[in-house]
Amino acid sequence: MSQENIHRVVITGMGWVTPLGHDIESVWQRLQRGDSGISQTTHFDASTFPTTFSGEVRDYDFRDFVKNPEYHQHPGLNTQFALGAARLAWKMAGLDDFDNLNRERAGIYLGSGEGTLDFDNYVASHLAGLDTDTMKIHGKAWIAAARDRLSMWSEVEQEANMTLNHVAMELNISGPAYNCLTACAASTQAIGEAAEILRRGDTDLMVSGGAHSMIHPLGVTGFNRLTALSNRNDDPTGASRPFNLTRDGFVLGEGSGMIILETLEHAQNRGANIIAEIVGFGSSADAYRITDIHPEGRGPIAAMQGALEQAGIGPQDVDYISAHGTGTKENDSVETRAVKSVFAEHASTVRMSSIKSMMGHLIAAAGAVELITCTLAIRDNILPPTINLDTPDPECDLDYVPNKPYHGDVTICLSNSFGFGGQNDALVVREYRD
Amino acid sequence: MSRRVVITGLGTVSGLGIGIDALWDGVCEGRSSIDVIKCFDISDFECQIGTELPEFKIRDFVPKSYRKATKVMARDIELAVIAADLAVRDAGLVTPGVDAEGERQYDGPRMGCHIGAGLIAAEANELTAALVKATDENGVFNMHQWGADGMNHLTPLWLLKYLPNMLACHVTIIHEAQGPSNTITCAEASGGLSVGESLRVIERNAADICFCGGAESKMNIMTFYRQQLTGRLTTQYNDHPAEAVRPFDQNASGMVTGEGGGIIMLEAKETADQRDASPYAELIGFGASHTINPENVGLEPDAEGTGIASAMRSALRDAETTPDAINAIIAFGSGQPACDAAEVSAIKTVFTDDAGQIPIWSSKPFVGNTGAGAGGIDVALAAKMIREQTIPARINCNNPIADLQVATADATKAELQHIMVVSTSLGGQNVALILKRV
């Protein structure tokens, strides 16, 4: 495709539902203050689990946000979060009052997680079906129990494209529709690919972002077995401590981040308020090991370089890196090494922080929420801090904006997301200029 | 001009066997692999039939150094890994996955990977062994016991077996494909959307070659029951499994699910030419859309097939061609009456006067609906149809619901310049792809 056919891609609306709240401005204030959204887990009784805390969404009812509740009779948790965030983004973009949208040219690309398991009934069906002599599931006994217990909607809503189905229906858009699920990189990847679709001119507008909750018994079990979660049970708000020498794992969060992307022409023609421009996207695979990140971070390096290259900028142009910054031993030191490799002599001056220190890790939804934070940083020239950073790790020796926000010019941000298994994505977002 | 993209390797696994040749022979001979399910006791289920792979050993399809990692592969992952191995070999490529010593044609960072995946269910037997440690004296599950003890009876890497992105991750590791990588999870549309995404990635020069397609196994008691709960599965052919899936037939009564997958090697034409590859076909068109059906969100297409038609039109536009150029359509053709009716309506809308002349074919009577595996299988078959200039047999359509070329027929030679492949996630995402003879 020739250069002149490539469209510029801008953000015109944003919404989120997070452990720190579900209003753009108030959550942004809390991020600047360094508030933590982490506390005891209440979705289920986690009191004997190795990890008893998480970042849960509170005081939220999706019915306060949707206009078509009849389409959403039994939505799973991801879908509930996504509907609120998408409605907020749609409204901010002024699309509630825009009657001329070509709905076939309005698409959606989400990075949303699988839905929440109907745990109690699932477990009871399995136990009823268990033949204790052979320790195997007996089909006849299992189906007898499952018939009584498992309902169609709680099962269907677990499919990873159901959030997509609900949001597309709620907003009545019928263009290209995707959901990707590259673990912790999913919504960054979704936004990157959505931007590519717009760049090519295949659509006028894309809804993008992600939604996820893994704060359920098997989600926490899975991460606890991997020893990936912090066990700092006596200090939930201090538990997520990216780049700290005493970090001991990440903290699960949940929620959704949604943005409206448009081609510049489409946004201008309808007189939309332009928030920022997406100028670079890079995607890569570590192709190393299922259980470990490549020690030199070759995948993250390739993703960051790809994003900078597409943006046509060098490391010296980047004012802020929104770190993947999970708070696991391995991630934070490898990410630091990768940033040093890409930024070379500029690594010592670039600022990088992790809002996971405050919200926890929203897994598939993390990247979208972090990208939204980047645009707010650009708007207000403020960088959110990494909280709980009181004991520096010699292996993590960059400027992580420790504990207090930074005030200064912010024009270009790089947002990193790295998935379990080695799929990596990076986005470059910049202040919009004509 | 964007770069041209060709299909150079095919790897499929299905009820008809391992490899594209087994699949091709089966569909040409009109042989259905749908049978009574054997992997768990199905006798009290309403639907008792599906498709299962013949027995295989995963270790035969991974390099020796990677055998240990097969322990953390759910069955869905195994299917993708096998299909990718077959696709690489079929394309005549050298990767560390097939030849550790050989000189590879493509550097790792120029190889991408986009593999569609489904919702992978935990193996019931593995989980139950741990659950039983957390039950009280009455056999009732207790969360305190689970947190304190039960969970410790799961293998530490348990979660990694079931993350949907692990299909792509294992494939990228085995073949050291370090380029752009994604995992699309849009049920039956996953495979087609993944092929489309690889097409775009190569067109925009972010990679030279990509693994794409998808794989899924619904042969798990929970996954299977989830399908049955939707009411989509036929319950009337338990005694005649081979006749169960009847796309576009008046006696159609639902789908049959199964396991399988297809991985395609998609390659920039310029680099494929440089290494003297022999492409099956060129991929020239891709379109996607979403179905809006207020009556049944995410479960059924709208009766007019508006969403499906939109994807077809968009693929035609992308290919810069017209409906009369299409010589055959691989339809989704699930045998689920509402879905088939919507598809017929979409074909008539898009192809208007030509609709009645175009042979319409479905793989579902032969290999069932393999979810995220379906699109890769169908794209592989379209590529094979073009190479062989043959339309495989059609079965189980004695009384067509429409005046279209869908009725039972033997395999036949045909002039095939362009084939359209259509996938739909039944009420959600739709995708259409157009392949062209090289």
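Details
- Scope segment B:1-38; condition modelled with pLDDT of 95 or more and either more than 26 Å from B:PRO392 (Cα to Cα) or hydroxyl-bearing (Ser, Thr, Tyr) (or both); matching residues: B:ARG3, B:ARG4, B:THR8, B:THR12, B:SER14, B:SER32, B:SER33, B:LYS38
- Residue match in segment A:56-72 (condition: β-branched (Val, Ile, Thr) and either within 22 Å of A:GLY360 (Cβ to Cβ) or under 21 Å from the mean Cα position of the chain (by Cα) (or both)): yes
- Among the residues listed as B:LEU416, B:LEU426, the single one being touching a Pro at 6+ places or on another chain (Cβ under 8 Å), touching a residue at least 40 places away in the same chain (Cβ under 8 Å), in a loop (DSSP other than H, G, I, E, B) and crowded, with 22+ Cβ neighbours inside 10 Å: B:LEU426
- Test result for A:ALA364, touching a His at 6+ places or on another chain (Cβ under 6 Å), buried (at least 24 other Cβ atoms within 10 Å of the Cβ), among the small types (Gly, Ala, Ser) and assigned to a helix (DSSP H, G or I): yes
- Note on segment A:67-117: among residues that are among the polar types (S, T, N, Q) and part of a loop (DSSP other than H, G, I, E, B), the one that is surrounded by the fewest Cβ atoms within 10 Å (Cβ to Cβ) is A:ASN100.
- Members of segment A:148-166 found to be without any contact (Cβ under 8 Å) to a residue 12 or more places away in the chain, more than 7 Å from chain B (Cβ to nearest Cβ) and within 30 Å of A:GLY107 (Cβ to Cβ), listed by number: none
- Tallying residues that are out of contact with any strand residue (DSSP E or B) (no Cβ under 8 Å at 6 or more places or on another chain), of a type in the set (D, E, K, R) and in a helix (DSSP H, G or I) within segment A:16-48 yields 2.
- Applying a threshold of 6 Å to beta carbon distances and a minimum spacing of six or more residues, or different chains, the list of pairs starting in segment B:32-45 at a residue that is within 10 Å of chain A (Cβ to nearest Cβ) and ending at one that is assigned to a strand (DSSP E or B) and buried (at least 20 other Cβ atoms within 10 Å of the Cβ) reads B:ILE37/B:GLY50.
- If you go through segment A:167-185 and keep only what is more than 8 Å from chain B (Cβ to nearest Cβ) and hydrophobic (A, V, I, L, M, F, W, C), you end up with A:VAL167, A:LEU171, A:CYS184, A:ALA185.
- A:ALA145 fulfils the conditions (1) under 22 Å from B:GLY192 (Cβ atoms); (2) more than 7 Å from chain B (Cβ to nearest Cβ) except for a single criterion, (1).
To keep it simple, each residue is scored yes or no on (1) surrounded by fewer than 20 Cβ atoms within 10 Å (Cβ to Cβ); (2) closer than 30 Å to B:LEU229 by Cα.
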residue: B:PRO279; (1), (2): no, no
residue: B:GLY285; (1), (2): no, no
residue: B:ASN296; (1), (2): yes, yes
residue: B:PRO301; (1), (2): no, yes
residue: B:ILE308; (1), (2): no, yes
residue: B:SER314; (1), (2): no, no
residue: B:ARG317; (1), (2): yes, no
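- Segment B:59-75 - residue that is more than 13 Å from chain A (Cβ to nearest Cβ) and crowded, with 19+ Cβ neighbours inside 10 Å and, of those, nearest to B:LEU266 (Cα to Cα): B:PHE61
- Meets criteria (surrounded by fewer than 22 Cβ atoms within 10 Å (Cβ to Cβ) and either outside the structural domain of B:GLY17 (by TED's automatic domain parsing) or not β-branched (Val, Ile, Thr) (or both)) for B:ASP85: no
- Filter result for A:THR51 (part of a loop (DSSP other than H, G, I, E, B), without any contact (Cβ under 8 Å) to a residue 60 or more places away in the chain and within 14 Å of another protein chain (Cβ to nearest Cβ)): no
- Selection status of A:ASN5, surrounded by fewer than 19 Cβ atoms within 10 Å (Cβ to Cβ) and farther than 30 Å from B:ARG4 by Cβ: no
- Members of segment B:223-267 that are buried (at least 24 other Cβ atoms within 10 Å of the Cβ), among the aliphatic types (A, V, I, L, M) and over 19 Å from the mean Cα position of the chain (by Cα): B:ALA244, B:ALA252
- Put simply, of A:ASP133, A:ASP120 the only residue that is in a helix (DSSP H, G or I) and either over 29 Å from B:ALA309 (Cα atoms) or without any contact (Cβ under 8 Å) to a residue 40 or more places away in the chain (or both) is A:ASP120.
- Identification of strands (runs of 3 or more DSSP E) wholly contained in segment A:203-296 with 3 or more residues that are more than 24 Å from A:ALA307 (Cα to Cα) and not β-branched (Val, Ile, Thr) yields no element.
Let's see how each residue does on (1) in a helix (DSSP H, G or I); (2) modelled with pLDDT under 95:
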{"site": "B:ASN296", "(1), (2)": "no, yes"}
{"site": "B:ALA303", "(1), (2)": "no, yes"}
{"site": "B:LEU316", "(1), (2)": "yes, no"}
{"site": "B:THR321", "(1), (2)": "no, no"}
{"site": "B:GLY335", "(1), (2)": "no, no"}
{"site": "B:ALA342", "(1), (2)": "yes, no"}
{"site": "B:LYS348", "(1), (2)": "yes, no"}
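- The residues of segment B:119-151 that are part of a helix (DSSP H, G or I) and either at positive phi or in contact (Cβ under 8 Å) with a residue 40 or more places away in the chain (or both) amount to a single one, B:ALA124.
- Members of segment B:171-207 found to be of a type in the set (A, V, I, L, M, F, W, C), part of a loop (DSSP other than H, G, I, E, B) and more than 7 Å from chain A (Cβ to nearest Cβ), listed by number: B:ALA206, B:ALA207
- Among the residues of segment B:90-109, those that are crowded, with 21+ Cβ neighbours inside 10 Å and either of a type in the set (Val, Ile, Thr) or assigned to a helix (DSSP H, G or I) (or both) comprise B:ASP90, B:THR95, B:PRO109.
- Among residues that are touching a helix residue (DSSP H, G or I) at 6+ places or on another chain (Cβ under 6 Å), facing chain B (nearest Cβ under 10 Å) and farther than 30 Å from A:VAL401 by Cα, A:TYR122 is not included.
- Tally of residues being facing chain A (nearest Cβ under 9 Å) and surrounded by fewer than 18 Cβ atoms within 10 Å (Cβ to Cβ) across segment B:111-139: 5
- Some residue of segment B:200-209 being out of contact with any helix residue (DSSP H, G or I) (no Cβ under 9 Å at 6 or more places or on another chain) and surrounded by fewer than 23 Cβ atoms within 10 Å (Cβ to Cβ): yes
- A Cβ distance below 8 Å, combined with a sequence gap of six or more or placement on separate chains, defines the contacts here; from segment A:55-66, residues that are in a loop (DSSP other than H, G, I, E, B) reach residues that are of a type in the set (A, V, I, L, M) in the pairs A:GLU56/A:ILE215; A:VAL57/A:VAL17; A:TYR60/A:VAL17; A:PHE65/A:LEU83; A:PHE65/A:LEU88; A:VAL66/A:LEU83.
- Residues of segment A:327-361 that turn out to be of a type outside the set (A, V, I, L, M) and surrounded by fewer than 24 Cβ atoms within 10 Å (Cβ to Cβ), as a count: 14
The values are calculated or read from the model by the stated rules, or taken from the named source; none is laboratory data. Not measured: the values here are computed from a predicted model. With ideal geometry, Cβ positions are generated from the backbone for all residues, glycine too; neighbour counts draw on all protein chains shown.
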